[in-house]
(Lines give C-alpha, C1' and ligand atoms only; values in the text may rest on other atoms or scores of the structure.)
Protein backbone atom coordinates (compact mmCIF):
# COMPACT_ATOMS: atom_id res chain seq x y z
CA UNK A 1 0.00 0.00 0.00
CA UNK A 2 2.80 2.39 0.90
CA UNK A 3 4.55 1.63 -2.39
CA UNK A 4 1.39 2.24 -4.39
CA UNK A 5 0.74 5.47 -2.49
CA UNK A 6 4.29 6.66 -3.20
CA UNK A 7 3.85 5.86 -6.89
CA UNK A 8 0.62 7.85 -6.91
CA UNK A 9 2.34 10.82 -5.26
CA UNK A 10 5.18 10.70 -7.78
CA UNK A 11 2.71 10.57 -10.66
CA UNK A 12 0.86 13.56 -9.25
CA UNK A 13 4.10 15.49 -8.88
CA UNK A 14 5.04 14.63 -12.46
CA UNK A 15 1.77 16.14 -13.62
CA UNK A 16 1.75 19.24 -11.41
CA UNK A 17 5.49 19.92 -11.31
CA UNK A 18 6.97 18.47 -14.52
CA UNK A 19 10.12 20.55 -13.99
CA UNK A 20 11.23 18.21 -11.19
CA UNK A 21 12.00 15.63 -13.91
CA UNK A 22 14.36 18.08 -15.60
CA UNK A 23 17.94 18.78 -14.63
CA UNK A 24 18.20 22.16 -12.88
CA UNK A 25 21.47 22.81 -14.69
CA UNK A 26 21.01 21.71 -18.31
CA UNK A 27 17.15 21.54 -18.36
CA UNK A 28 17.21 18.17 -20.10
CA UNK A 29 14.58 15.60 -19.19
CA UNK A 30 16.58 12.98 -17.31
CA UNK A 31 16.83 11.14 -14.03
CA UNK A 32 18.16 13.56 -11.41
CA UNK A 33 19.74 13.23 -7.98
CA UNK A 34 18.30 14.64 -4.75
CA UNK A 35 19.50 18.12 -5.75
CA UNK A 36 17.85 18.01 -9.15
CA UNK A 37 21.05 17.48 -11.18
CA UNK A 38 21.46 14.81 -13.85
CA UNK A 39 24.41 12.41 -13.77
CA UNK A 40 26.10 14.10 -16.74
CA UNK A 41 26.10 17.52 -15.07
CA UNK A 42 27.08 16.04 -11.71
CA UNK A 43 30.14 14.48 -13.36
CA UNK A 44 31.07 17.89 -14.78
CA UNK A 45 31.15 19.67 -11.43
CA UNK A 46 34.50 20.91 -10.16
CA UNK A 47 34.49 21.03 -6.36
CA UNK A 48 36.66 23.90 -5.21
CA UNK A 49 39.68 22.71 -3.17
CA UNK A 50 41.08 26.20 -2.66
CA UNK A 51 40.70 28.81 0.02
CA UNK A 52 42.19 31.97 -1.41
CA UNK A 53 43.11 35.15 0.41
CA UNK A 54 41.13 38.35 -0.12
CA UNK A 55 42.16 41.64 1.45
CA UNK A 56 40.16 42.49 4.63
CA UNK A 57 38.67 38.96 4.61
CA UNK A 58 40.14 36.79 7.36
CA UNK A 59 39.40 33.54 5.54
CA UNK A 60 37.54 32.64 2.37
CA UNK A 61 36.08 29.44 0.90
CA UNK A 62 33.83 28.44 -1.99
CA UNK A 63 31.84 25.36 -2.81
CA UNK A 64 32.47 24.96 -6.52
CA UNK A 65 34.59 26.29 -9.31
CA UNK A 66 32.59 28.42 -11.74
CA UNK A 67 32.30 26.26 -14.87
CA UNK A 68 29.59 25.56 -17.43
CA UNK A 69 27.56 23.38 -15.05
CA UNK A 70 27.65 25.58 -11.96
CA UNK A 71 27.23 28.71 -14.10
CA UNK A 72 23.90 27.44 -15.44
CA UNK A 73 22.69 26.78 -11.90
CA UNK A 74 23.72 30.27 -10.73
CA UNK A 75 22.05 31.89 -13.74
CA UNK A 76 18.87 29.90 -13.14
CA UNK A 77 18.74 31.28 -9.59
CA UNK A 78 19.96 34.80 -10.31
CA UNK A 79 18.10 35.67 -13.49
CA UNK A 80 15.21 33.21 -13.71
CA UNK A 81 14.23 33.11 -10.04
CA UNK A 82 14.72 29.34 -9.91
CA UNK A 83 14.98 29.17 -6.13
CA UNK A 84 14.81 25.36 -6.28
CA UNK A 85 18.50 25.24 -7.27
CA UNK A 86 19.57 26.71 -3.94
CA UNK A 87 19.79 23.30 -2.26
CA UNK A 88 22.09 22.09 -5.01
CA UNK A 89 24.38 25.12 -4.69
CA UNK A 90 24.39 25.30 -0.90
CA UNK A 91 25.09 21.57 -0.60
CA UNK A 92 28.71 22.44 -1.41
CA UNK A 93 28.85 25.58 0.77
CA UNK A 94 30.40 24.28 3.97
CA UNK A 95 31.55 26.46 6.87
CA UNK A 96 34.91 25.20 8.21
CA UNK A 97 34.66 23.98 11.79
CA UNK A 98 37.31 26.42 13.01
CA UNK A 99 35.45 29.53 11.83
CA UNK A 100 33.78 31.13 14.90
CA UNK A 101 30.73 32.69 13.24
CA UNK A 102 28.31 34.92 15.16
CA UNK A 103 26.05 35.78 12.25
CA UNK A 104 25.64 35.55 8.49
CA UNK A 105 25.39 38.64 6.28
CA UNK A 106 24.33 38.18 2.64
CA UNK A 107 26.03 40.52 0.17
CA UNK A 108 23.27 43.08 -0.45
CA UNK A 109 21.76 44.28 -3.70
CA UNK A 110 20.82 47.90 -4.19
CA UNK A 111 17.11 48.34 -3.28
CA UNK A 112 16.23 49.32 -6.85
CA UNK A 113 17.81 46.21 -8.32
CA UNK A 114 16.32 43.94 -5.67
CA UNK A 115 12.88 45.40 -6.36
CA UNK A 116 13.30 44.76 -10.09
CA UNK A 117 14.51 41.20 -9.55
CA UNK A 118 12.11 40.46 -6.71
CA UNK A 119 14.74 38.86 -4.49
CA UNK A 120 18.41 38.86 -3.53
CA UNK A 121 20.03 35.60 -4.62
CA UNK A 122 22.72 35.98 -1.94
CA UNK A 123 20.03 36.14 0.75
CA UNK A 124 18.44 32.96 -0.61
CA UNK A 125 21.79 31.14 -0.38
CA UNK A 126 22.53 32.65 3.03
CA UNK A 127 19.16 31.50 4.37
CA UNK A 128 19.85 27.87 3.44
CA UNK A 129 23.34 27.98 4.97
CA UNK A 130 22.01 29.67 8.11
CA UNK A 131 19.30 27.04 8.57
CA UNK A 132 21.78 24.19 8.18
CA UNK A 133 24.20 25.61 10.75
CA UNK A 134 21.59 27.27 12.99
CA UNK A 135 23.21 30.70 12.69
CA UNK A 136 21.32 34.01 12.66
CA UNK A 137 21.08 36.10 9.49
CA UNK A 138 21.80 39.79 10.08
CA UNK A 139 21.10 41.34 6.69
CA UNK A 140 20.57 44.73 8.32
CA UNK A 141 24.27 44.98 9.18
CA UNK A 142 25.24 45.81 5.59
CA UNK A 143 23.40 47.90 3.00
CA UNK A 144 24.15 48.74 -0.60
CA UNK A 145 23.82 52.51 -0.79
CA UNK A 146 25.06 53.12 -4.33
CA UNK A 147 23.61 51.47 -7.42
CA UNK A 148 26.72 50.32 -9.27
CA UNK A 149 27.11 49.40 -12.92
CA UNK A 150 26.92 45.68 -13.83
CA UNK A 151 30.39 44.21 -13.42
CA UNK A 152 30.32 41.55 -16.12
CA UNK A 153 33.40 41.99 -18.29
CA UNK A 154 35.21 44.34 -15.90
CA UNK A 155 38.75 43.56 -14.80
CA UNK A 156 39.84 43.66 -11.15
CA UNK A 157 40.85 47.34 -11.24
CA UNK A 158 37.57 48.49 -12.79
CA UNK A 159 35.53 46.34 -10.40
CA UNK A 160 37.28 47.86 -7.39
CA UNK A 161 36.65 51.38 -8.70
CA UNK A 162 33.02 50.57 -9.50
CA UNK A 163 32.39 49.30 -5.95
CA UNK A 164 34.13 52.11 -4.07
CA UNK A 165 31.67 53.49 -1.50
CA UNK A 166 28.88 51.16 -2.62
CA UNK A 167 28.26 49.62 0.83
CA UNK A 168 27.46 50.95 4.28
CA UNK A 169 27.78 48.90 7.47
CA UNK A 170 25.87 49.31 10.72
CA UNK A 171 27.74 50.07 13.97
CA UNK A 172 25.89 47.04 15.37
CA UNK A 173 28.47 44.80 13.67
CA UNK A 174 31.08 45.94 16.22
CA UNK A 175 32.72 43.00 17.97
CA UNK A 176 30.99 40.38 15.82
CA UNK A 177 32.52 37.59 13.77
CA UNK A 178 30.66 37.89 10.48
CA UNK A 179 30.25 35.47 7.58
CA UNK A 180 29.60 37.13 4.22
CA UNK A 181 27.68 34.97 1.73
CA UNK A 182 27.52 35.58 -2.02
CA UNK A 183 26.85 33.59 -5.18
CA UNK A 184 30.09 33.99 -7.15
CA UNK A 185 33.55 35.40 -6.46
CA UNK A 186 35.32 36.58 -9.59
CA UNK A 187 38.09 38.98 -8.55
CA UNK A 188 37.11 39.29 -4.89
CA UNK A 189 36.39 43.02 -5.24
CA UNK A 190 32.85 42.79 -3.84
CA UNK A 191 33.87 40.73 -0.81
CA UNK A 192 36.86 43.01 -0.19
CA UNK A 193 34.67 46.14 -0.21
CA UNK A 194 32.06 44.55 2.07
CA UNK A 195 34.66 43.26 4.53
CA UNK A 196 36.47 46.60 4.59
CA UNK A 197 33.24 48.41 5.42
CA UNK A 198 32.30 45.94 8.17
CA UNK A 199 35.74 46.16 9.77
CA UNK A 200 35.66 49.95 9.53
CA UNK A 201 32.62 49.80 11.81
CA UNK A 202 34.19 47.41 14.29
CA UNK A 203 33.56 43.86 13.09
CA UNK A 204 36.05 41.62 14.90
CA UNK A 205 36.49 39.17 12.04
CA UNK A 206 35.02 38.79 8.57
CA UNK A 207 34.85 35.44 6.79
CA UNK A 208 33.42 34.86 3.32
CA UNK A 209 31.72 31.90 1.66
CA UNK A 210 30.46 31.78 -1.92
CA UNK A 211 28.66 29.13 -3.93
CA UNK A 212 31.24 29.39 -6.71
CA UNK A 213 34.53 31.02 -7.56
CA UNK A 214 36.35 31.46 -10.84
CA UNK A 215 39.56 29.44 -11.16
CA UNK A 216 42.66 31.60 -10.45
CA UNK A 217 43.78 31.62 -14.08
CA UNK A 218 40.40 33.05 -15.14
CA UNK A 219 40.71 36.26 -13.09
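The values are calculated or read from the model by the stated rules, or taken from the named source; none is laboratory data. From a predicted model like this one, the values you see are computed outputs, not experimental measurements. Cβ: placed from backbone, ideal geometry, glycine included. Neighbour counts: every protein chain shown.
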query: For region 104-122, how many residues are crowded, with 18+ Cβ neighbours inside 10 Å and either touching a residue at least 24 places away in the same chain (Cβ under 8 Å) or more than 16 Å from residue 167 (Cα to Cα) (or both)?
result: 8
statement: Considering residues that are within 27 Å of residue 83 (Cβ to Cβ) and out of contact with any helix residue (DSSP H, G or I) (no Cβ under 7 Å at 6 or more places or on another chain), the number found within region 171-194 is 5
message: Being in the same structural domain as residue 196 (by TED's automatic domain parsing), in contact with a helix residue (DSSP H, G or I) (Cβ under 6 Å, 6 or more places away or on another chain) and either exposed (fewer than 14 other Cβ atoms within 10 Å of the Cβ) or not in a strand (DSSP E or B) (or both) is the requirement here; does residue 128 meet it?
response: yes
message: I'd like to check something: does region 133-146 contain any residue that is surrounded by fewer than 18 Cβ atoms within 10 Å (Cβ to Cβ), modelled with pLDDT of 95 or more and in a loop (DSSP other than H, G, I, E, B)?
response: yes
- prompt: Restricting the search to region 193-214, which residues are surrounded by fewer than 24 Cβ atoms within 10 Å (Cβ to Cβ) and either within 15 Å of the chain's Cα centre (by Cα) or within 27 Å of residue 72 (Cβ to Cβ) (or both)?
  reply: 207, 214
